[in-house]
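Below is one structure; the comments refer to it alone.
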Amino acid sequence: MRRYSSPREVLRQVFGYDAFRGFQEEVVRTVLEGRDALVLMPTGGGKSLCYQIPALLRDGVAVVVSPLIALMQDQVDALEELGVAAAYLNSSLSPEESSAVRSRLRRGELDLLYVAPERLLMSGTLALLDELKISLFAIDEAHCVSIWGHDFRPEYGALSVLRERFPKVPRIALTATADQKTREEIAEKLLIEPKRFIASFDRPNIFYRIVEKTSVREQLAKFIRSEHPGECGVVYCLARRTCEEVADFLVGRGVRALFYHAGLSAEERAARLALFQREDDVVMVATIAFGMGIDKPNVRFVAHVDMPKSIEGYFQETGRAGRDGLPSDAWMAYGLNDVVNQRRFIEQSDADELHKQLATQKLDAMLGLAEACDCRRVRLLAYFGEQSTPCGKCDNCVNPPQLTDATLAAKKLISCIWRIQQKSGTSFGAQHVIDVLQGRETERTRRHFHQELSTWGIGRELTDRQWRAVIRQLIARSVLWVDARNHNVLRLGDAANGVLRGEIKVELRRTLLEAETKTRRRAPEDRPDRDELLAQLSAVSRQIFEALRAWRLETARTLGKPPYVIFADRTLVEIARRKPTSVDDMIGIPGVGRHKIEHYADDIIEIVRAEC
Ligand code: ADP
Ligand code: ZN
């Protein structure tokens, strides 16, 4: 087995990168010193290197605990491509395969072992570990230990056994999502006096955009076809049926879309996930059942056609875009119905009052984000306790919404609801209130004599769509609320008086009056878009790039691995730019380590020569 002398050497020789990112190097040093570390980094931040590099520098095998089988396989695939001896133990292996991995462990052949927590905790596995020299324990998705978190897994709690059984082995716990409480729980249950590394949660390469729903499937198809044709993405829907319908619609529009939800058999789900991981142009239309296992680096967009229940959910789901650091989009469409439906779900759930209140608060925060007229990123980060300044990379920063005063409209709406309530002893849903404001007769307005109200027809200056926007805005500001227990009728909230007295001003986006405007996404300065990189290439280089891509796909298919474990897009662009015609030329290209040179340099040089 090859041994290395320093973290930098491993970074260069094995991974082909020349600089550490963020505090990777400090984490590596901490673990090399034998200390415990708690690492919080957003998705795509580069958590894996934090334990993979010490694993190659310390004696023995590093044991990586990971809850997700698909993810383990991907990591092991990628490591093997780098020439690192790695394997996994989980329920997907046959007894023969497991025993082969055990033999390799006993012979000291492995640098990394990935293992599912259930498997690790079996007495046989623990006994096996007792026999081995262990370099470190890495506990991925460590937030699963928290009983407060949204991904609690009981077997994670039992991992505290590692600390007792192997007190001398350093541990590193990693996660991309953990509030203060969860961090404490991780440290307390899994680690001993850990050094803490908390990175910013900002995902600078994600462009956030939230649009008003008009005809959502059309909007979605337009977004995908104009901004991400032939690229990989995820579309989240709340209901299984919506997934199927949206996928169908997209297929009709020439998008390679598949649906995914818990109603599919386990085999079918596995097959679809595998296809998504391996091919580069699949759009997965899914419920949140399509979740943690996705570590595909080049997901170019995450779209929501229904509003998520909370900002945590939104952040986690959108975070699956752009793990490779290249520009990616988070796109969401939402409307008044989202708010109404979500409120109803909360009310109809079996949760107790306290949890219902909590769920309502989370939903309100999400609605606040959707209705925001200022920087989305500032709001997102503030939700996680981080201060920041306007980002310049969200819809509201790029196209600041022009605001018009809608206080008068709000007053009309409030008094209309008030009058209806007085006359009929009860309130009504949004559409009926709008009908009264528009002076539009319906069977219902006649039955309740609502044309006699003084507010009949006083709101004809706005369209229905604009009224819905006013209603949303007022719900977001607690002026109104939706009574989900009573047919979703609109009720006046505590702040209604403030509006009537002129203490609360209501503003509406002017863009609502116009057609949806296209916002241009911009790349972060240091990491240009792949398309921008390509645009800078000469015609010959572009040809080389296409040839390399075809070669990569072919090679990936032969190996049965995803294309990105062979080379990232960015590496291919760089090769196409530099046109290496010898092994020496290949050294120093980012993403090209020693093992890749040994395996692929000949192919690449041949392709470059053929195209030049
Ligand atoms: P995480 O597990 O935090 O979501 P990964 O460990 O999968 O993130 O890393 C995300 C991507 O960034 C991977 O493609 C990885 O190879 C790349 N990466 C990590 N560290 C570096 C670095 N120091 N320089 C360049 N690329 C890096
Ligand atoms: Zn912004």
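Somewhere in the range 388-406, is a residue within 15 Å of ligand 2 (Cβ to nearest atom), modelled with pLDDT of 90 or more, of a type in the set (Lys, Arg) and surrounded by 18 or more Cβ atoms within 10 Å (Cβ to Cβ)? There is at least one residue in the range 388-406 that is within 15 Å of ligand 2 (Cβ to nearest atom), modelled with pLDDT of 90 or more, of a type in the set (Lys, Arg) and surrounded by 18 or more Cβ atoms within 10 Å (Cβ to Cβ). For the range 217-249, residues that are aliphatic (A, V, I, L, M) and buried (at least 21 other Cβ atoms within 10 Å of the Cβ) total 6. Of all residues in the range 21-40, those being under 16 Å from Ala55 (Cβ atoms), surrounded by 16 or more Cβ atoms within 10 Å (Cβ to Cβ) and touching a residue at least 24 places away in the same chain (Cβ under 8 Å) number 10.
When we screen Gln348, Gln357 for residues that are in contact (Cβ under 8 Å) with a residue 40 or more places away in the chain, open to solvent by 50 Å² or more (accessible area, probe 1.4 Å) and assigned by TED's automatic domain parsing to the domain that holds Val302, the only hit is Gln348.
Checked against (1) within 14 Å of ligand 1 (Cβ to nearest atom); (2) open to solvent by 40 Å² or more (accessible area, probe 1.4 Å); (3) closer than 30 Å to Arg269 by Cβ, Gln75 meets all criteria but (2). Every listed requirement among (1) among the basic types (Lys, Arg); (2) more than 19 Å from the chain's Cα centre (by Cα); (3) closer than 21 Å to Leu553 by Cα is met by Arg240 save one, (3). Is it true that some residue in the range 310-323 is of a type in the set (Phe, Trp, Tyr), crowded, with 21+ Cβ neighbours inside 10 Å and part of a strand (DSSP E or B)? No, there is no match, as no residue in the range 310-323 is of a type in the set (Phe, Trp, Tyr), crowded, with 21+ Cβ neighbours inside 10 Å and part of a strand (DSSP E or B). The residues of the range 250-297 that are open to solvent by 50 Å² or more (accessible area, probe 1.4 Å) and of a type in the set (Ser, Thr, Tyr) amount to a single one, Ser265. All told, Gly385 falls short of being open to solvent by less than 30 Å² (accessible area, probe 1.4 Å) and either on the phi > 0 side of the Ramachandran plot or assigned to a loop (DSSP other than H, G, I, E, B) (or both). Residue-level check: of (1) small (Gly, Ala, Ser); (2) in contact with a helix residue (DSSP H, G or I) (Cβ under 9 Å, 6 or more places away or on another chain); (3) over 28 Å from His599 (Cα atoms), Ala70 misses just (3). Only a single item in (1) away from ligand 2 (no atom under 15 Å from the Cβ); (2) open to solvent by 10 Å² or more (accessible area, probe 1.4 Å); (3) touching a residue at least 40 places away in the same chain (Cβ under 8 Å); (4) not in a helix (DSSP H, G or I) is not met by Asp364, and it is number (4).
The values are calculated or read from the model by the stated rules, or taken from the named source; none is laboratory data. Please read all numbers here as calculations on a predicted model, not as lab measurements. When we count neighbours, we look across all protein chains shown, and the Cβ atoms used for this are built from the backbone with ideal geometry, even at glycine. The protein model used for the area step is the full one, side chains on, heavy atoms only, and it has no ligands, DNA or RNA in it. Shrake-Rupley method; radii C 1.70, N 1.55, O 1.52, S 1.80 Å.
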